[in-house]
Amino acid sequence: MRILFLALTLLLAALTGQLSAQAADRQQSPLVKIRLLPEKAAVKGGDALWIAAEQSIAEHWHTYWQNPGDSGTSPSIKWIMPAGFEIGEINWPTPHKLPYGPLLNYGYENQVVLLQQLQVPAEIPAGPITLSANIELLVCKEECIPEYGTYNITLNGPNASLEDNSAYIHAVQNKLPRIAEWPAIYNENDGKLILKLTPPQNILDSINLASIEFFPENWGLVHNPAKAESFIQDGALIIKQPRGERPLTEIDQTSGVLTFETNDGQPQSYSFTATQGPLKTSSPRQATSKTAGLNFFSAFIFALLGGIILNLMPCVFPVLSIKALSLVKISEKHPKLARMHGLSYTAGVVLSFLAIAITLILLQAGGAQIGWGFQLQNPWIVGILGYLLFIIGLNLIGFFEFSSRFANIGSGLTQNQDLSGSFFTGILATLVATPCTAPFMAGAIGYAFLQPPVISLLIFTALALGLALPYLILSFIPALQQIMPKPGAWMEVFKQALAFPMFGAALWLLWVLAQQTDAYGVTAALLGAILIAFGLWLLRHSPKNQKTRITLRIAAGLAFLGALALLPVCARPCSQPLGQDLTHSLISLPYSEETLQSALESDDPVLTEMTAAWCITCKVNHAVAINVDSTKNLITKHNIRYIVGDWTNEDPEITKYLESYGRNGVPLYVYYGPRDPVTKQRASAKILPQVLTPAIVKSFIEDNT
Amino acid sequence: MTRILAYSLAAIVLVFAAMPVNASVEIGQPAPEIEATDTNDNAFKLSDHKGKIVVLEWTNNECPFVKKHYDSGNMQATQKAAAEKGVEWVSIVSSAPGKQGHVDAEEANKIVSDAGATVTAKILDEDGTIGKAYDAKTTPHMFVIDAEGNVAYAGAIDSNSSPNPATIEGATNYVSAAIDALVTGQPVETSQTQPYGCGVKY
């Protein structure tokens, strides 16, 4: 019996053509009634016309969109046409979300019309032309039923001139999603798809955010049943929805439909195509970089100037001045070699800057909420840089000599004409410069990171060139070398003197570390420094006895390892956050999105200050322009809600806030004027300059209050 | 937060690969454990089957897509070929009581024998625990688990999502392809597809 049954079904399956016959008896009570309607039935060669396939679906049942969602399948229409006729893609109307248990489908209820464009060939025979469509669709309520049917249309039939469905088709077309040619990019962060659309301002303003729905054409892009979260940020619409099961690497472009109601209740539907791109989830300013306040050219110049200024930083200056002096020595005899040294040094600086920038760009592309200055938010890096400065200081003061080629800071260069020494000095200069770039370079670097990677890299190159420039110029222009003091015994003294700014810079890093950790952390770092000094001291001795020498070497190695091993102690999370002591004399609220939001909902003016312990500009501004009587009085007088964000340690909420103002680093001061008592509107936020005086603060508060 | 940063920096090597994914089943990752009693009252524990390739098949005997593959004999042929390669086959019914496809053990066994199916075990998952652990969406929804217990394939049984049995011919059977690849030590070419069929009746 079973065999017979199987054989029968197999037979049935084999007879594809017969399926329409099967459909015929199903059609006695089909759940979906289908009509095929040509835009017009009288056609001539070369015409293009629309064909509508109208589905009238039984109540409570549904059919599917092109992406059916979690289950189901989209309908298929296969045309059988005389040679030369061509049929276009289906135009899918706006779908609906159809939840079922934990699943969600995209489809249609009641009625839906699928349009396709028919291209008539240039030459057509006279008389009626019949076109057939094998339509196969799945209709579901809880259970699903497939329905099949073959439907015909006849063109140029006897009554062709009477058949005109163009008004009907026009009405259907009017309801199709409109094609949105808005900038659209997507990426993922924290398990969520982030879609950023930038519609024209008038459309953006009209959107009722609560009504937004997103329909992806790709499967596996989002977790379909999850609710999307939509908000507007700086002229862009951001939609976040938990990701689906398919890796984003397999989806490099996506199309979708966006539906919403306008504020006055009109339903709208747009289809769009988005490309996958680097997207800092919270910096929709990428597309509208004008808000960042710097254009590319000025950012480039700033970066170049900033790089030049970096040469004067206490961490960089000693290294370079020694280097410059030794350059004079060689260029007397070998001017060409001097130029080569200048070039290798520049290469070292530029390459290491680019390496840092690329790392940061990749981390950001990977979704990490970090900005420039991140290198100082990490106690590990702070610790290692601190050790490095300490070691350089010890070297300068003459406590030990580097015996390896690496980083020949002083005299080594003349003896060892190896250019790699200069290259490594370039790397070293970059390394020691990094702690200094954060506080002083916020503007240009902040701009750099809001740009496409190529521009970011160009700006970093400018910064690197700036840093390398003084030395490079010196190596190329012998006339300048004449101005340099003649080498002599004084150089040794000078070198020793330079050790002290270096120790000062190390102390500063230790202080940063102190803000990030506690007394144990600082003690551990100091102990590490002692171990390093001890290790170096051991290495100074080079006894004849090989055994003793090796023992000394091993002991020194252990001391260095010990110093590194102490870093995790430094890196433990700080037991109590900083912030209070920054502002203890002022009543401030620690920054969080919520705090700011609730402050902005009040009628009072709001002042925000984004700061960090390692940011010298921030500390100076705070001391001279905010934590002073005149400003404090203003804050009390105007009832200003004063909110402080402490970015000493990494904090994604603050990073996001900075980015929303086109910044990538601290300081940032923003003043939000009070609500107008009549209109209840708040004036737009004002960004204060990065260098403050009490007068500047006063003018911002009084002009906007 | 700083710690996360420290780790990512320590592994300065490009970070952008490992993104969290919503679904609980990830290709190349260990398959969620299944502990259940099958329709013959035997205990079934997925991890006991390590060393063998295991196929999981979500089914609902009243679903037209399941019928597409059983009535045509395609599913039975796939099972038979798999069994010949030493593959274990587990059919799972996640229909809730009162929903389409919900059956008791006796009915379930009858469905298996009537269809001439070759299954190692058939499991009734009334409360949908297993289905939700795998994020099973459709019947059929297929998973192929390799001998190490990692998910090697998840998705549709084949490349044609039509309910029409005539489309089986000419379609690529992803499950057979995955099994063949695993058996011969080749990489599974298509490891994830969009499942099609009736929604699982949770």
Original post:
In this structure, is A:Ile483 surrounded by fewer than 19 Cβ atoms within 10 Å (Cβ to Cβ), at pLDDT 65 or above, β-branched (Val, Ile, Thr) and out of contact with any helix residue (DSSP H, G or I) (no Cβ under 6 Å at 6 or more places or on another chain)?
Top reply: yes
Original post:
Looking at this structure, is A:Ile212 at the interface with another protein chain (Cβ under 10 Å from one of its Cβ atoms), part of a strand (DSSP E or B) and within 22 Å of A:Gly107 (Cα to Cα)?
Top reply: no
Subject >> Considering residues of the stretch B:96-145 that are out of contact with any Phe, Trp or Tyr (no Cβ under 8 Å at 6 or more places or on another chain) and hydroxyl-bearing (Ser, Thr, Tyr) only, the residue modelled with the highest pLDDT >> reply: B:Ser113
Subject >> In the stretch A:197-209, residue farthest from the chain's Cα centre (by Cα) [restricted to those that are buried (at least 19 other Cβ atoms within 10 Å of the Cβ) and not in a loop (DSSP other than H, G, I, E, B)] >> reply: A:Ile207
**OP:** Please work out which residue is surrounded by the most Cβ atoms within 10 Å (Cβ to Cβ), limiting yourself to the stretch A:588-598 and to residues that are out of contact with any Phe, Trp or Tyr (no Cβ under 8 Å at 6 or more places or on another chain) and part of a helix (DSSP H, G or I).
**Re:** A:Thr595
**OP:** Take A:Ile194 and decide whether it is under 35 Å from the mean Cα position of the chain (by Cα) and crowded, with 17+ Cβ neighbours inside 10 Å.
**Re:** yes
**OP:** Go over the candidates B:Glu169, B:Glu148 one by one and state the one that is within 12 Å of another protein chain (Cβ to nearest Cβ), at pLDDT below 95 and over 20 Å from A:Ser71 (Cα atoms).
**Re:** B:Glu169
Original post:
Can we say A:Leu118 is in contact (Cβ under 8 Å) with a residue 60 or more places away in the chain and more than 42 Å from the chain's Cα centre (by Cα)?
Top reply: yes
Original post:
Is there a residue in the stretch A:510-517 that is farther than 25 Å from A:Met313 by Cα, modelled with pLDDT under 80 and crowded, with 19+ Cβ neighbours inside 10 Å?
Top reply: yes
Original post:
at pLDDT below 75 and among the hydrophobic types (A, V, I, L, M, F, W, C), is that true of A:Phe296?
Top reply: yes
**OP:** At least 2 residues that are more than 17 Å from B:Gln79 (Cβ to Cβ) in each: list the helices (runs of 4 or more DSSP H) lying fully within the stretch B:101-202 that qualify.
**Re:** B:105-115, B:129-134
**OP:** Considering each of A:Thr636, A:Thr655, A:Thr631 in turn, give the residue that is modelled with pLDDT under 90 and either under 14 Å from A:Thr611 (Cβ atoms) or among the basic types (Lys, Arg) (or both).
**Re:** A:Thr655
**OP:** For the stretch A:245-270, enumerate the residues that are among the aliphatic types (A, V, I, L, M) and in a loop (DSSP other than H, G, I, E, B).
**Re:** A:Ile251
Original post:
Taking the stretch B:81-115 only, how many residues are within 22 Å of B:Ala177 (Cα to Cα) and within 14 Å of chain A (Cβ to nearest Cβ)?
Top reply: 0
Original post:
Can you name the residue in the stretch A:486-500 that is surrounded by fewer than 18 Cβ atoms within 10 Å (Cβ to Cβ) and part of a helix (DSSP H, G or I) and is also nearest to the chain's Cα centre (by Cα) among such residues?
Top reply: A:Phe500
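To keep it simple, each residue is scored yes or no on (1) out of contact with any helix residue (DSSP H, G or I) (no Cβ under 9 Å at 6 or more places or on another chain); (2) exposed (fewer than 15 other Cβ atoms within 10 Å of the Cβ); (3) closer than 23 Å to A:Ala299 by Cβ.
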| residue | (1), (2), (3) |
| --- | --- |
| A:Lys632 | no, no, no |
| A:Trp647 | no, no, yes |
| A:Glu659 | no, no, yes |
| A:Arg663 | no, no, yes |
| A:Tyr671 | no, no, no |
| A:Pro694 | no, no, no |
| A:Glu702 | no, yes, no |
**OP:** Being buried (at least 22 other Cβ atoms within 10 Å of the Cβ) and more than 7 Å from chain A (Cβ to nearest Cβ) is the filter; apply it to the stretch B:178-199 and report the residue that is nearest to B:Ala81 (Cα to Cα).
**Re:** B:Ile179
Original post:
Name the pairs: first residue in the stretch A:52-68 and more than 19 Å from A:Gln173 (Cβ to Cβ) and more than 14 Å from chain B (Cβ to nearest Cβ), second residue acidic (Asp, Glu) and surrounded by fewer than 24 Cβ atoms within 10 Å (Cβ to Cβ), Cβ to Cβ under 8 Å, at least 6 apart or on different chains?
Top reply: A:Ile57/A:Glu109; A:His60/A:Glu109
Subject >> Tally, over the stretch A:347-360, of residues that are modelled with pLDDT of 90 or more and closer than 16 Å to A:Ala303 by Cβ >> reply: 1
**OP:** Scan the stretch A:611-667 residue by residue and report those that are of a type in the set (A, V, I, L, M, F, W, C), assigned to a loop (DSSP other than H, G, I, E, B) and touching a strand residue (DSSP E or B) at 6+ places or on another chain (Cβ under 8 Å).
**Re:** A:Ala612, A:Ala613, A:Ile640, A:Trp647, A:Val666
**OP:** Working only within the stretch A:215-244, note down all residues that are assigned to a loop (DSSP other than H, G, I, E, B), more than 19 Å from B:Asp135 (Cα to Cα) and within 14 Å of chain B (Cβ to nearest Cβ).
**Re:** A:Glu217, A:Ala228
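The values are calculated or read from the model by the stated rules, or taken from the named source; none is laboratory data. These numbers were taken from a predicted model, which means no experiment stands behind them. All Cβ positions, glycine included, derive from the backbone under ideal geometry; neighbour counts span all protein chains shown.
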